[in-house]
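Note sheet for the following structure.
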Amino acid sequence: MDKFLIEGGRPLEGLIEVSGAKNSALPVLAAALLTDEPVVLEGIPPVRDIGTMQSLLAHCGARVAVDGTTVTVHAGDLPRPEAPYDVVKTMRASSLVLGPLCARTGRARVSMPGGCAIGARPINLHVNGLEQLGATLEQDHGYLEARAPGRLRGGLIHFDRITVTGTEDLMMAATLAEGETVLGNAAREPEVVDLAELLIKMGARIEGAGSSTIRIEGVTKLHGARHRIIPDRIEAGTFLIAAAATRGDLAVAGCVPEHLTALIAKLRQAGVAVEETAPDTLRVFGGARELNSVDIKTEEHPGFATDLQAQFMALMTQARGISFVTENIFENRFMHVQELVRMGANIRIEGRQAIVAGPRRLSGAEVIASDLRASASLVIAGLMADGETTLDRVYHIDRGYEKIEQKLCAVGARIRRVSGTLARSSEA
């Protein structure tokens, strides 16, 4: 099992490039199931979750060709419209194929989602929506089985709570439904907009993506298309926070600043200098200024992203005063706290709120990653800490970050990936 050995105390300086968004890549790959023509997707990051999704598409019968970051999916025939447990057990996004498979083939058998242990992601929102589109669903032995012998029928779906994957799943299903579907209280994340843009290129009729109401007029057939996905705003945000935490001078290139408005505002409030030096580049000047404590509350987009909460909390261990970090999306997303405390942080949890007192000098320690974004927060903590930090279970970070240790080492970090007794140096 791989580990990271991180030597702290080195500022990040230079330029770092952002990869394509994992959270866009997963739904657009699923969308390729909606047509029997080839779909060419550019900018797909070669991370573990993407490999899992590609294996899932191949299991269904699609032909998947990978050329660097370009992936071509040709789902000409789908003899096995299912997502078996042994393929998707490590991934949360298996439910994204439920709607496309049901709409395209009239049936789908999907294992309940796996992945990070950060809290419940209720599948009932997908189930209720598909039932309103005319499908029948049953849950048995850890699987959801959906059937729609004829075409799905358009309908009015109002989500009881905002759900990104639910919005994406049902938007895909509705593209092939008969009549109009209206999704109310829909997610507004950039990844939802990105998926809608691909679907429109494929011949779908969609209005309102990026707002809380999305209208889809179903068509009888979709065709192939070529699409480049958006940059990964969570990776970009992680790098911005890491630069601020190490008091570095880092340009984060290939990002979309408008996708990071909430984070940029909080960084500036904390006393971090952030400048937009180009339409796709943000520069962070950590400098010698003392950090101010800042409160954050995670919210659906355009609020502060839950996927950046753990990283920002690591930064706040270095801020003077008390910071209140409130997690409103997932009930179990403070699993990184005990590891930060092992490194010297002063953090107390009260329900959905973490109370961070700083500044505290962190020291290198042996810590364990519990989920994808917790891994990133512990990397940032290791970059700030005195001495060496050993981060175990880095397979979590490999699920969503492309060669993160190599990217960070190229801008001044010292990180080695250790596999068993063999070490592969990633130092710059």
Practice prompt. Might you let me know whether segment 73-84 holds any residue that is touching a residue at least 24 places away in the same chain (Cβ under 8 Å), surrounded by fewer than 20 Cβ atoms within 10 Å (Cβ to Cβ), of a type outside the set (D, E, K, R) and in a strand (DSSP E or B)?
Written response: yes
Worksheet entry | Single residue of segment 171-182 satisfying the filter (touching a helix residue (DSSP H, G or I) at 6+ places or on another chain (Cβ under 6 Å) and of a type outside the set (S, T, Y)) that is farthest from A262 (Cα to Cα) | L176
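Taking T90, is it surrounded by fewer than 20 Cβ atoms within 10 Å (Cβ to Cβ), modelled with pLDDT of 95 or more and not assigned by TED's automatic domain parsing to the domain that holds G237? Spell out how you get there, then give the answer.
Numbers: surrounded by fewer than 20 Cβ atoms within 10 Å (Cβ to Cβ): yes; modelled with pLDDT of 95 or more: no; not assigned by TED's automatic domain parsing to the domain that holds G237: yes.
Taking the combined requirement at face value, the residue does not satisfy it.
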Worksheet item: Only one of (1) out of contact with any Phe, Trp or Tyr (no Cβ under 7 Å at 6 or more places or on another chain); (2) surrounded by 24 or more Cβ atoms within 10 Å (Cβ to Cβ); (3) assigned by TED's automatic domain parsing to the domain that holds R414 is not met by R247, so which one is it?
Response: (2)
Worksheet item: Could you say which residue among A374, A381 is at pLDDT 95 or above, surrounded by 24 or more Cβ atoms within 10 Å (Cβ to Cβ), under 23 Å from Q338 (Cβ atoms) and touching a helix residue (DSSP H, G or I) at 6+ places or on another chain (Cβ under 6 Å)?
Response: A381
Response to the item:
Among the residues of segment 17-40, the number that are surrounded by fewer than 24 Cβ atoms within 10 Å (Cβ to Cβ) and in a strand (DSSP E or B) is 2
Worksheet item: Is it true that some residue in segment 262-275 is under 20 Å from the mean Cα position of the chain (by Cα) and without any contact (Cβ under 8 Å) to a residue 40 or more places away in the chain?
Response: yes
Item to complete: Would you be able to say whether some residue in segment 57-71 is touching a Phe, Trp or Tyr at 6+ places or on another chain (Cβ under 7 Å) and of a type outside the set (K, R)?
Response: no
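Return yes when I397 is crowded, with 24+ Cβ neighbours inside 10 Å and either assigned by TED's automatic domain parsing to the domain that holds G14 or modelled with pLDDT under 95 (or both) and no when it is not. Write out each step before concluding.
Numbers: crowded, with 24+ Cβ neighbours inside 10 Å: yes; either assigned by TED's automatic domain parsing to the domain that holds G14 or modelled with pLDDT under 95 (or both): yes.
Yes.
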Fill in: Sole residue being touching a Ser or Thr at 6+ places or on another chain (Cβ under 8 Å) and in the same structural domain as G142 (by TED's automatic domain parsing), chosen from P11, P81
P81
Discussion item. Which residue is nearest to Q269 (Cα to Cα), if the candidates are limited to segment 306-322 and must be in contact (Cβ under 8 Å) with a residue 40 or more places away in the chain and not in a helix (DSSP H, G or I)?
Written reply: A319
Discussion item. I want to confirm something. Restricting to segment 163-178 and keeping residues that are assigned to a helix (DSSP H, G or I) and touching a Gly at 6+ places or on another chain (Cβ under 7 Å), which single residue is surrounded by the fewest Cβ atoms within 10 Å (Cβ to Cβ)?
Written reply: D169
Practice prompt. State yes or no: is L222 assigned by TED's automatic domain parsing to the domain that holds K201, surrounded by 20 or more Cβ atoms within 10 Å (Cβ to Cβ), over 22 Å from the mean Cα position of the chain (by Cα) and not in a helix (DSSP H, G or I)?
Written response: yes
Discussion item. Tell me yes or no: at least one residue of segment 353-367 is modelled with pLDDT under 95, surrounded by fewer than 22 Cβ atoms within 10 Å (Cβ to Cβ) and not aromatic (F, W, Y).
Written reply: yes
Item to complete: Could you grab me the full set of residues in segment 279-294 that are touching an Asp or Glu at 6+ places or on another chain (Cβ under 9 Å), in a loop (DSSP other than H, G, I, E, B) and free of Cβ contacts under 8 Å to residues at least 60 places away in the same chain?
Response: G287
Response to the item:
When H301 is run through (1) over 24 Å from the mean Cα position of the chain (by Cα); (2) part of a loop (DSSP other than H, G, I, E, B), the failure sits at (1)
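The values are calculated or read from the model by the stated rules, or taken from the named source; none is laboratory data. From a predicted model like this one, the values you see are computed outputs, not experimental measurements. For neighbour counting, all protein chains shown are included, and Cβ atoms are generated from backbone atoms with ideal geometry for every residue, glycine included.
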